[in-house]
Amino acid sequence: MTKALAAKPSSHLLSAAEHVRGLPAYVAGKPIAEVAREFGLDPNTIIKLASNENPLGMPASAKQAIIDALDETGRYPDANGFDLKETIAAKYDVPMSWLTLGNGSNDILELAARAFLGAGQSAVFSQFSFVVYPLAVQAVGARAIVVPATDGLGHDLDAMRAAIAQDTRLVFIANPNNPTGTFLTPAAIESFLNALPSRVVVVLDEAYNEYLEPELRFESSIWVRRHPNLIVSRTLSKAYGLAGLRVGYALAQAEATDLLNRVRQPFNVNVLAQAAAIAALKDHAFLARTYSVNRAGYAQLVAAFERLHLRYIPSFGNFVLVKVGEDVRAGERVNLSLLKSGVIVRPVGNYGLPQWLRISIGLEHENAALIDALPRALES
């Protein structure tokens, strides 16, 4: 019988850049199976409201597209994603040479950092904005300039403009913003873009754009036509229900797109994901239903928060940030109680908001389960 070899101590045996060693690991929302194992619960009874997924799941049109594409999975996907790009180009009336496909929009954010940032350079983003921004910046050895948020926990664009340094090459703006749900008007963003030095690339992260009320929506591809230093990032993980397939894309003029694609991994969007994405983008009825379910769920949740006298940030996405206590362990404590009740939400202490929870908007019965468990959790 072979004797197992003892592992050597791992500290500093391998050579790595200090900015890589210092990277914190991304903490994802707990999956249902993990919570079931940890607390001895039936997974069929667990409600997940943690990761801003579409509670309707994948549209039937996308499921059928996957079935139809199964025979193609023995071959590599189209590395350039011609059919998917053709669909996106038609949607926005832009050239296909203005499109970059990503393994989720998270991939787009990291591609932007790799393409436009390096050691000795900096990126600007807001406090309480998406946690991937600082990770992507640090991963390439660049410097992060974090601008304090407004009193309402949103982006302060004037302060972000003032924070741009000589070495700044990239700015991240999330609209609506995750995890706060705050929103910047088109006029505010356009003013910011017009005032920006051309050497600075802006990544406008619109992961939640489809949840905006129609009167608030602005077609940001218009800005792309005017600004060669603008990259608009979109995803099919949220409103389109394809979170598990990982499909995102970027709109940008040809030069920026060329640079993004130089650092993009080949075949980063698989065969089934491309097929499902084409179907989902054309499924306007599903998108309309998604919007309707989200608006009803938002009203259901905020009514409960008001009955419980909880402060929340008015949200323009498919989640609500709610304050569950005054002490610095409030979020952790209430989250644990909810987990024991079979309800998964997202603590945001890693964003610097330890008194708050981010709660995704679910179906009516899922929201009701959270509302039922929340008073007991607040008393924990």
Flagged in the range 230-251 as out of contact with any Pro (no Cβ under 6 Å at 6 or more places or on another chain), closer than 16 Å to LEU272 by Cα and either not assigned by TED's automatic domain parsing to the domain that holds PHE267 or not in a strand (DSSP E or B) (or both), in numbering order, are LEU236, SER237, TYR240, LEU242, ALA243, GLY244, LEU245, ARG246, VAL247
Applying the selection to the range 336-352, what residues are more than 16 Å from SER380 (Cα to Cα) and surrounded by fewer than 20 Cβ atoms within 10 Å (Cβ to Cβ)? GLY349, ASN350, GLY352
In the range 133-154, what residues are buried (at least 23 other Cβ atoms within 10 Å of the Cβ) and either under 15 Å from the mean Cα position of the chain (by Cα) or at positive phi (or both)? TYR133, ALA136
In the set ASN268, ASN261, which member is over 20 Å from the mean Cα position of the chain (by Cα) and either within 21 Å of TYR133 (Cα to Cα) or small (Gly, Ala, Ser) (or both)? ASN261
Go through ASN294, ASN335, ASN268, ASN261 for me and flag whichever is within 24 Å of TRP356 (Cα to Cα) and in contact with a strand residue (DSSP E or B) (Cβ under 7 Å, 6 or more places away or on another chain). ASN335
Only one residue in TYR76, TYR26 is exposed (fewer than 13 other Cβ atoms within 10 Å of the Cβ), over 27 Å from ALA285 (Cβ atoms) and modelled with pLDDT of 95 or more. Which one? TYR76
Output yes when any residue across the range 269-288 is more than 19 Å from GLY81 (Cα to Cα) and crowded, with 20+ Cβ neighbours inside 10 Å, and no when none is. yes
I'd like to verify a number: residues in the range 134-181 that are in contact with a Ser or Thr (Cβ under 8 Å, 6 or more places away or on another chain), within 14 Å of LEU204 (Cα to Cα) and assigned to a loop (DSSP other than H, G, I, E, B), how many? 4
Every residue from the range 297-315 that is loosely packed, with under 13 Cβ neighbours inside 10 Å and either within 17 Å of GLU364 (Cα to Cα) or under 23 Å from the mean Cα position of the chain (by Cα) (or both): ALA299, ALA303
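The values are calculated or read from the model by the stated rules, or taken from the named source; none is laboratory data. Here the structure is a predicted model, which is why all the values come from computation and not from measurement. Every residue, glycine as well, gets a Cβ built from its backbone with ideal geometry; the counts of neighbours run over all protein chains shown.
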